[in-house]
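The values are calculated or read from the model by the stated rules, or taken from the named source; none is laboratory data. Only a predicted model underlies this, so the values are computations on that prediction, with no experimental measurement involved. Don't worry about glycine lacking a Cβ; one is built from the backbone with ideal geometry, like all the others, and counts go over all protein chains shown.
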Amino acid sequence: MNTRVPLFAALAVFGLPLSSPVFAGEALMEEGEDEATVCARIQKYNDIGAQYYRQKAYALAREAFINQAALADFCSINQSTTEHQMAIAYNNVALTYLRQQKYAWAFAWANLLPGDKNSRYNLEQIRPHLVTWPKKIAGTYVQYAGMGAWSVVTVRQNGKSYDIGGELLRMGINSLMYGPNMGDFGVSMPLNQRVAHYRPDNDSEADCEISVRFGDNRLELKTTGDAFDCGFGAGVHAGGTFLRVTD
């Protein structure tokens, strides 16, 4: 299926003055639907989002664009959408955050496919705003899980330590109908430290350790041992880079 490239998102390439929910839980497809029917909704949500965007209703526009991104990701599995069409959806979401001056979220979305021409243009507009982005430990960190959803690590100061909580997702082929597989963890870290280590509670035999290592407005997760012993849902893994998007 060849999905029409939305004119709306392409405007950003020409320099015109355009400008998350983690998992909204809306079922974007039903069991038994053919792929062509599902993928046709990409344009529907692009058009809905564009209408709200022009009305400056950026939060409503973002909801529609995230659905557009979720469907674009799903339809890419069988190559019914191209990487460029996925980037259009991601940048549509990024532009809603840019208009609301939520630059870290805008960067996270635009940077999903940084080599795309839309992404390159929008990242040039976003990066100058992040120069003065405070370097902190506390905040919300995200990693894209696919299909419009993000895994999240939340860090809060609690007295002389940070409370770190992870809510991790795996978006499988049926996630748009039934939701993601999930896993969570929690650990504390002294204020003067930059690395924390999690092991499952009350299970000395579990071969699982997750390290949380903080850098400048980002963190790295790494799992040592058997991920199954972490107690997560099927296919859920703690690993990779998370970007801080809120205080």
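Residues of region 39-58 being small (G, A, S) and at pLDDT 95 or above, which ones?
Passing the criteria: G49, A50, A57.
Quick check on Y121: is it touching a helix residue (DSSP H, G or I) at 6+ places or on another chain (Cβ under 8 Å) and either among the acidic types (D, E) or under 24 Å from R213 (Cβ atoms) (or both)?
No: the conditions fail for Y121.
What do you reckon, is A61 part of a helix (DSSP H, G or I) and either at pLDDT below 95 or within 26 Å of V152 (Cα to Cα) (or both)?
It is true that A61 is part of a helix (DSSP H, G or I) and either at pLDDT below 95 or within 26 Å of V152 (Cα to Cα) (or both).
Just to check your reading of the model, which residue among K44, K56 is surrounded by fewer than 16 Cβ atoms within 10 Å (Cβ to Cβ), in a loop (DSSP other than H, G, I, E, B) and not acidic (D, E)?
K56
Please work out if A36 is at pLDDT 95 or above, of a type in the set (A, V, I, L, M, F, W, C) and under 21 Å from N174 (Cα atoms).
It is false that A36 is at pLDDT 95 or above, of a type in the set (A, V, I, L, M, F, W, C) and under 21 Å from N174 (Cα atoms).
Just give me the residues in region 83-128 being of a type in the set (S, T, Y) and within 24 Å of M177 (Cβ to Cβ), in sequence order.
Y90
Please find, within region 74-132, the residue that is nearest to T246 (Cα to Cα) out of those that are hydroxyl-bearing (S, T, Y) and part of a helix (DSSP H, G or I).
Y103
Which one of these does I173 not meet: (1) of a type outside the set (F, W, Y); (2) within 25 Å of Q68 (Cβ to Cβ); (3) in a strand (DSSP E or B)?
Failing condition for I173: (3).
Residues in region 149-166 that are surrounded by fewer than 17 Cβ atoms within 10 Å (Cβ to Cβ), of a type outside the set (S, T, Y) and outside any loop (DSSP other than H, G, I, E, B): how many?
Looking only at that region, the number is 5.
Got a number for residues in region 170-198 being of a type in the set (A, V, I, L, M, F, W, C) and either under 15 Å from H237 (Cα atoms) or at pLDDT below 95 (or both)?
Residues in region 170-198 being of a type in the set (A, V, I, L, M, F, W, C) and either under 15 Å from H237 (Cα atoms) or at pLDDT below 95 (or both): 6 in total.
Does region 199-247 hold any residues that are farther than 21 Å from K135 by Cβ, at pLDDT 95 or above and either of a type in the set (D, E, K, R) or assigned by TED's automatic domain parsing to the domain that holds A106 (or both), and which are they?
Answer for region 199-247, where residues must be farther than 21 Å from K135 by Cβ, at pLDDT 95 or above and either of a type in the set (D, E, K, R) or assigned by TED's automatic domain parsing to the domain that holds A106 (or both): just K222.
Residue check, D247 against (1) more than 30 Å from F74 (Cα to Cα); (2) more than 19 Å from the chain's Cα centre (by Cα), all met but one. Which one?
The one condition D247 does not meet is (2).
Of these, A149, A206, which one is farther than 27 Å from N46 by Cα and of a type in the set (A, V, I, L, M)?
Answer to the check: A206.
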